[in-house]
1. Please list 3J(HN,Hα) in residue order for the stretch 53-58, calculated via the Karplus relation 6.51 cos²θ - 1.76 cosθ + 1.60 where θ = phi - 60°; whole Hz, with x for glycine and proline.
2. Just grab the label-to-label distance for Val171 and Ala6, each label 7 Å out from Cα along the Cβ direction, in nm (one decimal).
3. Check Phe157: other-chain or 5+ apart residues with amide H under 5 Å from its amide H, H built from backbone geometry?
4. Say R0 is 25 Å: what FRET efficiency, to the nearest 0.05, do Leu33 and Glu85 get from their beta-carbon distance?
5. Report ³J(HN,Hα) in whole Hz for each residue of the stretch 130-140, in order, from the Karplus equation J = 6.51 cos²θ - 1.76 cosθ + 1.60 where θ = phi - 60°; Gly and Pro get x.
6. Once the other residues with Cβ under 12 Å from the Cβ of Met166 are scored (Lys, Arg +1; Asp, Glu -1), what is the net sum?
7. Hey, can you rank 23-36, 69-82 by average C-beta count inside 10 Å, highest first?
8. Filter the GluC sites (Glu not before Pro) in the stretch 84-142 to those in DSSP coil with at most 10 other Cβ atoms within 10 Å of their Cβ, and list the result.
Amino acid sequence: MSFFYAYSAQQAADHLKTFKKLDSEPDNDSNNLGKLRSIKSAVSLYKEALVGVRLTGDDSAVRTVIRNLIVAYSYEVKIEIFSEECRLQAFMEAAEAYTQAVELGAEDHKWLSSSPRRRGLWDIFSEMIEELFMFVPDMELEHEELVRLGHTFASKFNRWSEELEMKNAMVLSRIRQGEGMMIRVMEAVSDRGSVPAGGDVPRGRGGSLPSTKGDS
């Protein structure tokens with residue numbers, strides 16, 4: 001990795017470390033502002049470093065930077081004081097980064113799966129999918145807008161990929177989108193008083209996926 005991009009990556013790591021420190025402290029206006037600045041700087045610098053390391057052809061460096069970028073996104077999407085637009089943009093960019101990561105690690109599933117020493121990218125990203133589809137229902141969107149948002153998110157994946165980690169991401173996102181749509185429909189029916197007495201709206205999280213652990 002060239003000195004310039006290594007420096008950008010190191011700066012990003014420093015900002016991410018600052019964010020984690022602030023995130024462990026009690027919330028207040030100053031703390032929240034610091035977290036916003038730190039995580040945005042970390043994401044921006046990791047993106048800058050990723051563009052550069054790709055030009056060097058150093059696959060190991062690319063993997064390191066793109067993993068760290070996805071980790072940074074996983075923190076950014078959880079910050080509730082961001083606007084809805086900013087959080088959605090972070091989810092979309094994270095999906096693009098995950099797709100790139102899977103393509104990079106296509107022949108090394110251990111890099112994508114968890115190990116005793118660190119969490120794999122699939123575990124990190126699957127939590128982000130869950131986060132997205134818990135966040136979206138709270139937005140004041142029409143049915144068509146929710147459907148379009150789900151399609152836009154799914155479009156970030158490589159639908160032709162044969163990699164299990166990519167298929168899992170596509171399946172999980174569609175399952176969660178479908179559950180969200182069903183809940184909306186059931187709530188609409190309930191509001192009209194058409195749900196049978198004692199009939200609760202199911203809100204469980206189903207749809208388990210094949211494990212990616214142990215693939216090689």
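Bear in mind that the values in this text are calculations on the coordinates, not laboratory data. Quick caveat, the model's predicted, so the values are computed rather than measured. When we count neighbours, we look across all protein chains shown, and the Cβ atoms used for this are built from the backbone with ideal geometry, even at glycine.
1. Karplus-based 3J(HN,Hα) across the stretch 53-58 equals 5, 4, 6, 7, x, 8 Hz.
2. Between Val171 and Ala6, the label points sit 4.2 nm apart.
3. Amide H to amide H, under 5 Å and 5 or more residues apart or across chains, Phe157 pairs with nothing.
4. Details: r = 19 Å, r/R0 = 0.75.
In this case the efficiency is close to 0.85.
5. 4, 4, 4, 7, 8, 7, 4, x, 7, 7, 7
6. Details: positive: Lys156, Arg159, Lys167; negative: Glu103, Glu162, Glu163, Glu165.
That works out to -1.
7. Values: 23-36: 12.1, 69-82: 19.5.
Packing proxy ranking, top to bottom: 69-82, 23-36.
8. Details: sites: Glu84, Glu85, Glu93, Glu96, Glu103, Glu107, Glu127, Glu130, Glu131, Glu140, Glu142; in loops: Glu107, Glu140, Glu142.
Within the stretch 84-142, the qualifying GluC sites (Glu not before Pro) (loop, at most 10 other Cβ atoms within 10 Å) are Glu107, Glu140, Glu142.
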